[in-house]
1. Considering only residues that are hydrophobic (A, V, I, L, M, F, W, C) and under 16 Å from the mean Cα position of the chain (by Cα), which ones fall in the stretch 129-149?
2. Say whether the condition of being in a helix (DSSP H, G or I), farther than 18 Å from PHE120 by Cα, touching a residue at least 60 places away in the same chain (Cβ under 8 Å) and of a type outside the set (D, E, K, R) is met by at least one residue in the stretch 195-214.
3. Limited to the stretch 139-166, what total is found for residues that are among the β-branched types (Val, Ile, Thr) and either surrounded by 22 or more Cβ atoms within 10 Å (Cβ to Cβ) or touching a helix residue (DSSP H, G or I) at 6+ places or on another chain (Cβ under 8 Å) (or both)?
4. Return the residues of the stretch 124-155 that are farther than 17 Å from ASP168 by Cα and either among the basic types (Lys, Arg) or part of a loop (DSSP other than H, G, I, E, B) (or both); say none if nothing qualifies.
5. Quick one: in the stretch 102-118, which of the residues that are farther than 18 Å from ILE35 by Cβ and touching a residue at least 40 places away in the same chain (Cβ under 8 Å) is surrounded by the fewest Cβ atoms within 10 Å (Cβ to Cβ)?
6. Among the residues of the stretch 49-71, which ones are within 22 Å of ILE86 (Cα to Cα) and in a loop (DSSP other than H, G, I, E, B)?
7. Taking VAL134 and the conditions (1) within 23 Å of GLN215 (Cβ to Cβ); (2) in contact with a helix residue (DSSP H, G or I) (Cβ under 7 Å, 6 or more places away or on another chain), which numbered condition does it fall short on, given that it satisfies the others?
8. Return the total of residues in the stretch 142-161 being out of contact with any Pro (no Cβ under 9 Å at 6 or more places or on another chain) and free of Cβ contacts under 8 Å to residues at least 40 places away in the same chain.
Amino acid sequence: YGLTECTTVVSTGPFNGKDEPGKIGLPYPGTDWAIFDAEDFSKGPLKGYGIEFTGEICVCGPQVMKGYLNNPKATAETLREWDGRIWCLTGDLGYMDETGQITIRDRKKQMIKYKGYSVFPKEVEELIGNHPAVLEVAVAGLPDPETDELVKAWVQLQEDSIGKITSDELINWCKENITHYKCPKQIEIIKEIPKSMVGKVQRRVLQEQDPLWKQK
């Protein structure tokens, strides 16, 4: 795992043992990482393990950049001091287990704020993906005056389910199987989920095509 602001390398998977999906291993020698409160860095690292202690992954080590060239505002937002040390706020959300390994959940900028709740698109995508009629799914937030943001899902159906299930039926299934604040308010069935050249789902493309997004 790494990012440009940390000269590309932060951690590696275990040399022995089994790799687990989403886990990014342990930091390299001389590098520290911690999970900080995603809303308020000044609160410090979260004191707990597991998914309920999801926050922003922050890195401290010799590979952390000095700053962005000629951009002090961005530097101040990305590099923050805690306990006398400079930490890089990665923008990635994740949680730590008892062994110190971190599992990535999502990008902070894609987190949906619904009535004060934090909703992670990737988690909702995984939940909706359990429906047998769903081939692929993308989830993102759209502006809403009553809830701050609403959760919307775009669904690509399995070939043998096309024309046999509606958006309303999928929403009803979600209400029965997903926690209320994570449940999508809107589901749109589309022909194909857009992806980048490397196969990454392009949530932003779907957001920007939506009428609610265009009205904001």
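1. Of the residues in the stretch 129-149, the ones hydrophobic (A, V, I, L, M, F, W, C) are 133-135, 137-140, 142.
Correct list: VAL137, ALA138, VAL139, ALA140, LEU142.
2. Yes, that holds for at least one residue.
3. Within the stretch 139-166, the first condition is being among the β-branched types (Val, Ile, Thr), and the residues that meet it are 139, 147, 151, 155, 162, 165-166.
Right, trim to either surrounded by 22 or more Cβ atoms within 10 Å (Cβ to Cβ) or touching a helix residue (DSSP H, G or I) at 6+ places or on another chain (Cβ under 8 Å) (or both) and you get 139, 151, 155.
Residues in the stretch 139-166 being among the β-branched types (Val, Ile, Thr) and either surrounded by 22 or more Cβ atoms within 10 Å (Cβ to Cβ) or touching a helix residue (DSSP H, G or I) at 6+ places or on another chain (Cβ under 8 Å) (or both): 3 in total.
4. Once the filter is applied, which keeps residues that are farther than 17 Å from ASP168 by Cα and either among the basic types (Lys, Arg) or part of a loop (DSSP other than H, G, I, E, B) (or both), the stretch 124-155 yields PRO145, GLU146, THR147.
5. That would be LYS115.
6. Of everything in the stretch 49-71, those that are within 22 Å of ILE86 (Cα to Cα) and in a loop (DSSP other than H, G, I, E, B) turn out to be THR54, GLY61, PRO62, GLN63, VAL64, MET65, LYS66, GLY67, TYR68, LEU69, ASN70, ASN71.
7. For VAL134, the failing item is (1).
8. Total satisfying the criteria: 9.
Every number here is computed from the coordinates shown, using simple stated rules; none is lab data. Just so we're clear, the structure is a prediction, and the values are computed from it rather than from any experiment. With ideal geometry, Cβ positions are generated from the backbone for all residues, glycine too; neighbour counts draw on all protein chains shown.
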